[in-house]
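What follows is one structure encoded as structure tokens, with my remarks underneath.
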Amino acid sequence: MAWVLLVIAGLFEVGFATCLGKAKEASGNAVTIWLVGFLVCLSISMYLLFRATRTLPIGTAYAVWTGIGAVGTVLVGILVFREPVAFWRLFFLTTLVASIVGLKMVTH
């Protein structure tokens, strides 16, 4: 169950990063809406990370959480914010995913 909570926490991390990006592009009242979304996603993400660390080692949980957030945010950047796609960017993203999977495999 802790791993499921951790993955969901990582997805909410992607959510709060996405809200920051959208807030940067918004104007008027839309900025406030995106910042509220940021705070909601941040709070949920942190709470779920806390819950996961009650069972999982903190080092592993934090590394996986940030990895999911990093990978997801890069993908959102490419798909939503039209950030550049380059070979080396995708290469290192792949190595990050492999590292996350490796940490999951060696953690009891």
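All of the numbers you see were taken from the coordinates with simple rules; none came from a lab. Quick caveat, the model's predicted, so the values are computed rather than measured. Note that each Cβ is placed from the backbone with ideal geometry, even for glycine, and that neighbours are counted across all protein chains shown.
A few points about this structure:
- Euclidean distance of C-alpha centroids, region 46-74 and region 16-44, integer Å: 21
- Computed lengthening from Ser99 to Phe87, 0.36 nm per intervening residue step minus Cα-Cα distance: 2.5 nm
- Taken one residue at a time, the phi angles of region 12-23 give Karplus couplings (6.51, -1.76, 1.60, θ = phi - 60°) of 5, 5, 4, x, 6, 5, 5, 4, 4, x, 5, 4 Hz. Gly and Pro are set to x.
- Calculated FRET value between Thr32 and Tyr62, using beta carbons and R₀ = 25 Å, to 0.05: 0.25
- Here's how it looks for Thr53: its modeled amide H is under 5 Å from none belonging to a residue 5 or more places away or on a different chain.
- For q = 0.16, 0.18 Å⁻¹, Debye-computed log10 I/I(0) when each Cα of the chain counts as one equal scatterer: -0.75, -0.89
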